[in-house]
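Read through the structure below, which is laid out as structure tokens, and then see the notes.
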Amino acid sequence: MGISNRVTNENSNCEMRKEKRLCYIQPCDSNILKTIKIPKGKTCQPTFQLSKAEKFVFSGCSSTQSYKPTFCGICLDKRCCIPNKSKMITIQFDCPNEGSFKWKMLWITSCVCQRNCREPGDIFSELKIL
């Protein structure tokens, strides 16, 4: 899980504002990708979910609910799958002996597989270290 920063003017006053939100594009465990089943006759599985819902952990605090997020999948050819549609949800976290807090989170609803990727299968290949 990471934090996404963006500047937007999507508000009633059309003012530029900075927003931070949690994002969880793909699990870090590369073994999970090996479990994705691609349908017979197809070369891609655009999305996948974990087998069971899990609580999110952020800064030592756990989400009050369990979630089953949608992740972008993989292709057998040279395409890569990236988020296509998403929405914002609010996650409540409880901290041991420290109360609770809420964070907005990017929630992927669909992904698209495209040929415009530098390293097939690596959804982070476009990222640059500043």
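Only a single item in (1) in a strand (DSSP E or B); (2) of a type in the set (Ser, Thr, Tyr); (3) modelled with pLDDT under 90 is not met by residue 51, and it is number (1). Would it be correct to say that residue 18 is over 21 Å from residue 100 (Cβ atoms), of a type outside the set (Phe, Trp, Tyr) and part of a loop (DSSP other than H, G, I, E, B)? No: the conditions fail for residue 18.
If I ask for residues that are open to solvent by 60 Å² or more (accessible area, probe 1.4 Å) and either touching a residue at least 40 places away in the same chain (Cβ under 8 Å) or over 10 Å from residue 62 (Cβ atoms) (or both), which ones from the stretch 89-99 would you list? Matches in the stretch 89-99: 90, 97, 98.
Filtered by the rule that a residue be modelled with pLDDT of 95 or more and surrounded by 17 or more Cβ atoms within 10 Å (Cβ to Cβ), the stretch 63-79 gives a lone residue, 63. Within the stretch 21-35, if we keep just the residues that are surrounded by 14 or more Cβ atoms within 10 Å (Cβ to Cβ) and assigned to a loop (DSSP other than H, G, I, E, B), the residue that is modelled with the highest pLDDT turns out to be 24.
The values are calculated or read from the model by the stated rules, or taken from the named source; none is laboratory data. For clarity, every value in this text was computed on a predicted model and none was experimentally measured. Neighbour counts are summed over all protein chains in view; Cβ atoms, including those assigned to glycine, are modelled from backbone coordinates with ideal geometry. For the accessible areas, the whole protein counts, side chains as well, though only heavy atoms, and no ligand, DNA or RNA atoms are used. Shrake-Rupley method; radii C 1.70, N 1.55, O 1.52, S 1.80 Å.
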